[in-house]
Amino acid sequence: MQNNNSELSLNLNVRGMPLSATLHINELSNKLKQQGKKVYKFGLGQSPFPVPKPVVEELRANAFQKDYLEVKGLKPLREAVADYHSRRNEIECSADNVLIGPGSKELMFLLQFVYYGELVIPTPSWVSYAPQAKIIGRQIAWIKTKEENKWCLLPEELHKICETDNYKPRIVILNYPSNPTGVTYTCEELQELADVARRHRVILLSDEIYGELNFKGDHCSIARFYPEGTIISGGISKWCGAGGWRLGTFTFPDSLSGLLEGMAAAASETFTSTSAPIQFAAIKAFRGGIEIERYLWNARKILKTLGIQIHNILLSNGIESPEPDGAFYLFINFGNYSDKLKSKNILTSLDLTTNLLENTGVALLPGGVFGRPEEEFTARLSYVDFDGTRALAAAETTRPEDPLPVGFINTYCSPLIEGTRAIVDWVKSL
Ligand SMILES: Cc1ncc(COP(=O)(O)O)c(C=O)c1O
């Protein structure tokens with residue numbers, strides 16, 4: 001057979017779209033590691049902890065499940081998700097309000113595909129919202145939040161963008177605790193945002209994938225204050241350490257059931273249904289229980305202690321970020337070093353992270369990929385580069401009400417402390 005590739009013309013719909021920045025930095029870090037260089041992988045946003053044992057056991061017991069399941073998801077799982085939201089978020093819902101998919105990322109894509117509207121994204125924001133909108137061809141409206149407000153969206157900022165055209169169909173994304181800032185909203189702040197959202201009749205996509213990793217364990221959902229317009233996005237990827245299992249959940253109010261049906265129709269022609277054994281195992285995760293609660297207490301305790309320790313080291317050396325409330329991210333600002341950086345011809349957040357990686361082996365993600373201006377010296381530091389299984393086992397020997405012993409972080413999370421010191425040494429040496 002003749003191989004004449006030059007005649008093939010690929011009319012790609014996603015021409016010029018690069019690989020997701022998170023995956024890109026991970027691959028680059030792996031490459032440096034293979035060359036024998038020490039790399040601190042502070043770019044990746046994956047839980048360091050194992051999947052809780054009872055959930056793993058359920059998966060094992062259900063490995064034989066082989067049938068395609070209902071497009072919307074297994075009924076007992078949808079019931080467990082609805083019960084979870086009724087219990088945790090004081091929201092009235094039933095299995096009929098829930099849609100299960102292979103990751104919340106896929107469900108977000110389907111939502112934008114099915115709903116013809118503008119996507120409003122407060123920045124800094126997670127890296128995949130905007131590329132999804134671009135693939136589908138939806139308009140994006142960015143709201144640049146301010147550092148002095150801990151990068152949180154203010155009600156007046158939301159109002160300002162909505163009043164430009166009151167009748168425009170819109171989906172507004174809110175993500176809390178936030179990737180990339182680790183900051184969350186108080187109930188009062190959510191109430192105020194909900195009032196604005198209701199006034200302008202926008203659909204809120206409330207991305208609460210890190211809700212259970214709120215350090216105080218008291219995550220509050222905006223759906224409490226604007227139930228009729230809020231879709232809650234969740235899943236087991238972050239709090240249950242099961243990113244690779246690929247299971248996400250959307251919970252809709254009755255008033256948006258048309259969207260759920262539309263997404264289910266699109267799902268039936270694309271992924272059909274989410275992996276059967278995973279759905280059976282996820283029932284256990286959403287039903288919870290004392291073992292899962294204990295796992296979460298300890299996970300939160302480790303992340304909180306670690307996040308605050310790194311934050312303090314950086315802050316005392318002039319690298320600023322808001323103190324984190326949850327998840328495993330800090331959004332750090334090297335603005336105090338901008339003159340020194342510029343004198344070394346480091347002019348963008350990408351220049352900054354590339355130079356840092358080359359000189360210290362510390363991989364951060366540049367602020368630019370989270371929708372921040374290229375010339376702003378911001379970056380996301382994710383603090384998951386440690387052996388989570390070992391750290392969790394050690395934390396389990398402490399009592400829930402006690403803090404972790406002094407020296408715990410240095411013993412179990414040492415790469416984070418070493419890498420943080422390397423960042424400080426590097427900026428000081430500029
Ligand atoms: C803010 C945010 N939303 C959604 C997702 C997607 O999660 P899932 O694994 O459910 O697709 C991620 C994953 O990194 C995330 O950080």
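The values are calculated or read from the model by the stated rules, or taken from the named source; none is laboratory data. All values derive from a computational prediction rather than experimental measurement. Ideal geometry is used to build each Cβ from the backbone, glycine not excepted, and the neighbour counts take in all protein chains shown. With ligands, DNA and RNA removed, areas are computed over all heavy atoms of the protein, side chains included. Shrake-Rupley method; radii C 1.70, N 1.55, O 1.52, S 1.80 Å.
Whole-Hz Karplus ³J(HN,Hα) for the range 149-157, in order, using 6.51 cos²θ - 1.76 cosθ + 1.60 and θ = phi - 60°, x for Gly and Pro?
9, 6, 6, 8, 7, 9, x, 5, 5
If each of LYS168 and ALA265 carries a label point 7 Å out from its Cα toward its Cβ, how far apart are those two points in nm?
Distance between label points: 2.7 nm.
In Å², and per residue, what accessible area does the range 280-430 have when probed at 1.4 Å with the other protein chains present?
Accessible area per residue, the range 280-430: 40 Å².
So how long is each side of the range 70-206 along the principal axes, counting just the alpha-carbon atoms, biggest first, in Å?
43, 35, 29
When N is the residue count of the chain, what does its C-alpha Rg come to as a fraction of 2.2 N^0.38 Å?
0.99
Using every pair of alpha-carbon atoms in the range 281-351, split the distances into 5 Å bins beginning at 0 and state the percent of pairs per bin, rounded to integers.
Spelled out per bin, shortest first, that is 3, 14, 17, 13, 13, 11, 9, 7, 6, 5, 2, 0.
Suppose the chain between THR398 and TYR68 were pulled fully straight at 0.36 nm per residue; how much longer would it get relative to their current alpha carbon spacing? Can you show the working numbers first?
Numbers: separation 330, 0.36 × 330 = 118.80 nm, distance 4.32 nm.
The THR398-TYR68 span can extend by a further 114.5 nm.
Could you tell me, in Å, what Rg and Dmax come out for the Cα atoms of the range 176-315?
According to the Cα coordinates of the range 176-315, Rg and Dmax are 17.0, 51 Å.
In whole Å, what are the Cα extents of the range 302-411 along the three principal axes, biggest one first?
For the range 302-411, the Cα spread along each principal axis is 50, 24, 22 Å.
So what's the range 135-258 giving for Cα Rg divided by 2.2 N^0.38 Å, two decimals?
1.07
Students sometimes get this wrong: rank ARG78, ARG138, ARG201 by accessible area, probe 1.4 Å, all chains present, largest first.
The residues order as ARG201, ARG138, ARG78, largest area first.
Quick one: what are the phi-derived ³J(HN,Hα) couplings along the range 286-294, Karplus 6.51/-1.76/1.60 with θ = phi - 60°, whole Hz, x for glycine and proline?
6, 6, x, x, 5, 5, 5, 4, 5
Just to be sure I understand: of the beta bridges DSSP finds with both ends in the chain, what percent are antiparallel, rounded to 5?
In the chain, DSSP labels about 45 percent of beta bridges as antiparallel.
Under the rule of at least 5 residues apart or a separate chain, name every residue whose amide H is placed under 5 Å from the amide H of ILE91.
SER86
Rounded to two decimals, what is Rg over Rh for the range 377-430 when you use alpha-carbon atoms and the Kirkwood radius?
Ratio of gyration radius to Kirkwood radius: 1.09.
Can you work out ³J(HN,Hα) from phi for every residue in the range 268-278, in order, using Karplus 6.51 cos²θ - 1.76 cosθ + 1.60 and θ = phi - 60°, giving whole Hz and x for Gly and Pro?
5, 9, 10, 8, 6, 6, 7, 2, 4, x, 5
Please report, in whole Å, how far the alpha carbons of the range 277-317 spread along each principal axis, starting with the longest.
Taking max minus min along each principal axis of the Cα atoms, the range 277-317 gives 48, 20, 9 Å.
Name the residues whose placed amide hydrogens come within less than 5 Å of the amide hydrogen of GLN46, ignoring near sequence neighbours (fewer than 5 apart) on the same chain.
It is none; the list stays empty.
How about LYS144: which aspartates and glutamates have a C-alpha closer than 17 Å to its C-alpha, ignoring those fewer than 8 places off in the same chain?
Within the straight-line limit of under 17 Å, LYS144 reaches these aspartates and glutamates: GLU118, GLU156, GLU157, GLU163, GLU374, GLU375, GLU376.
Show me, bin by bin at 10 Å from 0, the whole-percent P(r) of the range 235-374 based on Cα pairs.
Reading upward from the zero bin: 9, 25, 25, 23, 15, 3.
Hey, got the dipole for the range 94-211? About the Cα centre, +1 on K and R Cβ, -1 on D and E Cβ, debye to the nearest 20?
420
If amide H atoms are built 1.01 Å from N in the plane of the peptide, which residues on other chains or at least 5 residues away come under 5 Å of the amide H of ILE319?
none
For n ≥ 4 DSSP H runs only, could you compute -39500 (n - 2.57) per run for the chain, divide by its residues and tell me the 222 nm figure to the nearest 500?
-12500 deg cm²/dmol
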